[in-house]
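What follows is a short report on a single structure.
Just so you know, all these numbers are worked out from the coordinates, no wet-lab data involved. The structure displayed is predicted, hence computed values, not measured ones. Cβ placement follows ideal geometry from the backbone for every residue including glycine, while neighbour counts extend to all protein chains displayed.
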Amino acid sequence: MKFSSQPVVSPPVNAKDFLDIEKVDDGHWRLRVVERLITPGQFLFGGCGLAAGLVALEEDSGRPTIWATAHYLSYAPTHSTVDVYTDLAVVGGTVTQARATAKIGETEILTVNAALGRGSLSAPTPWQQMPDVPPPNDCPPRIIPRELGESIFAHIDTRVALGRTYDQLDGTPGSPHSALWARIPSHLDPSAATLAIFGDYVSGGAANPLGRRTMGRSLDNTIRIASLERTEWVLCDIQMHALAGGFSQGVAFLWSDNGTLLGVASQSIATKIWDPPQP
């Protein structure tokens, strides 16, 4: 299903500017962990960490992302400074295999492994179809509880297209399939880094099937890029596969508001029930 977006009045913001990541030297970038980039736990949002690595790798290689995965090793707390180092391990005729390593001082925070490049063969018609969901303006907002405090979620407009809002999570089990429309009001331009941020919504996907609020800590975060096009909203079509031993697995298909598959994200998540404090 396709929707006609309202005209985007403001120009799109480059993901590099949203992250405020800057190049220090060849193969060396720097990111300051400000409030709009953090989780409710007051550390760098995993999708922003992956996005920062992709900004650095794409600029240093001069090639677009095909696939990338982040392996999270430690936390980057609010107001910390993260140094990102790139290594173009193998530069081929059409594909560059590369990695980015993020550190605070000598402590490694995360590693991004990626393939970057572009070929010529494309399918004449789409192989996947966007699910039939209401348009963003017809969907209820996903309101983040106040007790979660300042975080990136205060800077993303999110609508529940399929599944339940926070206040509807009453302990009744539900479907492992949910979907969210998401946009950053300043409208990030289409890029692998942008999709890396939205793809991290997989980490909260266990809430709908459990019927409970959950906390998710990503162990990894993978993004595969299909096609990039201008879109105001991104539909995060989340499908959770399993939860066992405290770890959940899931995938999100990321769609433009015109029905184009932009990318596919997947994660393994350390998942816990989150019971908010009683007043």
Query raised in the report: Given H placed on each backbone N at 1.01 Å, which residues far from W274 in sequence or on other chains put an amide H within less than 5 Å of it?
Result: R213, T214, M215
Query - For the stretch 155-228, alpha-carbon Rg over 2.2 N^0.38 Å - result: 1.20
Query raised in the report: Once you sort the root eigenvalues of the Cα gyration tensor of the stretch 1-137 as a ≥ b ≥ c, which label holds: rounded (a/c under 1.5), prolate (a/b larger than b/c) or oblate (the other case)?
Result: oblate
Query raised in the report: From the phi of every residue in the stretch 107-115, what ³J(HN,Hα) in whole Hz does the Karplus formula 6.51 cos²θ - 1.76 cosθ + 1.60 yield, where θ is phi - 60° and glycine or proline is x?
Result: 8, 6, 9, 7, 10, 10, 9, 8, 10
Query - Cross-link reach list, aspartates and glutamates versus K23, counting only Cα pairs under 17 Å and skipping chain neighbours closer than eight places - result: E58, E59, D60, D83, D87
Query raised in the report: How far is the Cα center of the stretch 21-36 from the Cα center of the stretch 237-276, in Å?
Result: 28 Å
Query - Taking the C-alpha atoms of the stretch 136-273, convex hull volume expressed per residue in Å³ - result: 103 Å³
Requested in this report: Could you state, as a whole-number percent, how many of the C-alpha pairs of the chain are farther apart than 27 Å?
Outcome: 37 percent
Query raised in the report: Could you give the longest part of the chain that holds none of the GluC sites (Glu not before Pro) found in DSSP loops with at most 15 neighbouring Cβ atoms within 10 Å?
Result: 1-105
Query raised in the report: How many angstrom separate the Cα center of the stretch 215-234 from the Cα center of the stretch 108-131?
Result: 11 Å
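For the chain, what is the calculated [θ] at 222 nm in deg cm²/dmol (nearest 500), taking -39500 (n - 2.57) for each run of four or more DSSP H residues and dividing by its residue count?
Numbers: 4 runs with 33 residues, N = 279.
One gets -3000 deg cm²/dmol as the mean residue ellipticity at 222 nm.
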